[in-house]
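Novice: This is the structure I have questions about; it appears just below.
The values are calculated or read from the model by the stated rules, or taken from the named source; none is laboratory data. Bear in mind the structure is a predicted one, so any value in this text is a computation, not a measurement. Cβ atoms come from the backbone with ideal geometry, glycine included; neighbour counts cover every protein chain shown.
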Amino acid sequence: MNQGNIRSRLAWLAAAWASIIILGCSGSNAIRGGDDPVITHTYYGSCINADDIANVIIGWYVPNGDFNASISYRMRVTQGGSLVAIRPFFIWSSTRAGYQGGTGGTIQIEVQSDDGTSSHRPSGTVLASLTYTPPVTSTSSASHYPLLTFPTPATLAAGQLCHIVFTDVDPDPKTNWVSLDTLWTWRGTSPEQPTTPSTDLAILERGVGAHARDWSVYTRGGGLSGTPIIELDFDTYTQGQGYIQGFGAPDASFVNPKPICGENKIRETFAVSGASKVVSAVAVRVNRLSGASPLNVTVEKADGTRVGGGSVVVPMGGPATSSDNGATWVKVTFPSPLMLQSGVSYNLVLTSPSDTVHATHVLQKGRDYGFKPGAYFGDGHAEFTAGSGWKGWDLWGLSNLQVTDLQFYFEVNP
């Protein structure tokens, strides 16, 4: 199925893989964009939502359009410096249509400046470039996440909007083409991500050649757009969006989302890196399946000592389906700010009375495929319990993993 191949591909990916906000969410300063409101605080956490992944095509897939599509990932630079390399997420399949054709094409990747208009499109001014030929016959999952180094780095300033532009320059892009994988939510919002303006993180699309047209925000399925998956490696730091999957629907090999009810509890366990942080609120993305009691959100030290928290009524979402997992962001504001001390371990615990069932699901970070902290929350991981001890999430038939995070963020006071 195309239209961005919005789908739960979990069974296929399990088989294939068996052989702060984004832009510095976990602590760096937020940047004010020229068209954006002033941001008065920063964020600490995953700061990302997703229910699935979906492909966007670089090239020409006739059932999906009559043009050779270019894709741009628009991003705001946080600290500035020399952009040395990127790590995108290419996707192809030897068994399913709609992901690639032929050899996969020849992909030209350019770093372009922003045009400065209210539409914030690529300017055409190239700051760095490279050419990549996707190895579409490879069975190694690592080949989907190549680290691509620019022969000459791009020099970018803090606060600058840049575009990572992908174009299929193969002589026959109708036959030879490939896809990028992106995060997708089944019930899109504006902005797509809770702590990042749409200006600062977006996917754009353009036809080229005989079917050239203006750049526009990539949309499919009733106007929904996605979120890039890409790491930007500068000479002195890393930024980007390094979560490579959301798990919004149940699957036969594991259960996502997981319930929050009675003895069934969820938490993010983490040790604070960098400076201590004074936080005024915490937000989590959850669903209420039944009952009317609020969700309890508690911040505690690793020994169980309560630091703070509160309760919030979650809008009723209902059971997850293949088109809506019912989750929404809710926030607990602390009566007085909490101090998360550098180097100290904490738990963010979600509980619910036994008369009400809540649920939540996790994001998979690309740590095991080369993505670095700075592109995801590197300080902790998600866990669950049914009353007999905490353990990491289970994915792809494997248990007690430490490569997932809850969808959450703390608001950090300036």
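Novice: Give me the pairs: first residue in the stretch 140-163 and within 13 Å of I109 (Cβ to Cβ), second residue assigned to a loop (DSSP other than H, G, I, E, B), beta-carbon distance under 7 Å, and six or more apart or on different chains, which are they?
Specialist: Correct list of pairs: L147/G370; C162/V77.
Novice: Would you mind finding the one in V255, V282 that is of a type outside the set (G, A, S) and more than 14 Å from T360 (Cα to Cα)? Spell out how you get there, then give the answer.
Specialist: Numbers: V255 fails: more than 14 Å from T360 (Cα to Cα).
Exactly one of V255, V282 is of a type outside the set (G, A, S) and more than 14 Å from T360 (Cα to Cα), namely V282.
Novice: From the residues in the stretch 208-232 that are more than 16 Å from A50 (Cβ to Cβ), part of a loop (DSSP other than H, G, I, E, B) and hydrophobic (A, V, I, L, M, F, W, C), which one is modelled with the lowest pLDDT?
Specialist: Here the residue is A212.
Novice: Select, from V284, V278, the only residue that is in a strand (DSSP E or B), surrounded by fewer than 20 Cβ atoms within 10 Å (Cβ to Cβ) and modelled with pLDDT of 95 or more. Show your work before the answer.
Specialist: Values: V284 fails: surrounded by fewer than 20 Cβ atoms within 10 Å (Cβ to Cβ).
After applying the criteria, what remains is V278.
Novice: Sticking with this one: Find the strands (runs of 3 or more DSSP E) located wholly in the stretch 145-207 whose residues include 2 or more that are in contact with a Phe, Trp or Tyr (Cβ under 6 Å, 6 or more places away or on another chain) and buried (at least 19 other Cβ atoms within 10 Å of the Cβ), and list them. I'd like the intermediate steps shown before the answer.
Specialist: Working: elements: 148-157, 161-168, 178-184.
Answer list for the stretch 145-207: 161-168, 178-184.
Novice: Condition (residue is within 25 Å of P191 (Cα to Cα), hydroxyl-bearing (S, T, Y) and not in a strand (DSSP E or B)) applied to the stretch 364-380: is it met by at least one residue?
Specialist: There is at least one residue in the stretch 364-380 that is within 25 Å of P191 (Cα to Cα), hydroxyl-bearing (S, T, Y) and not in a strand (DSSP E or B).
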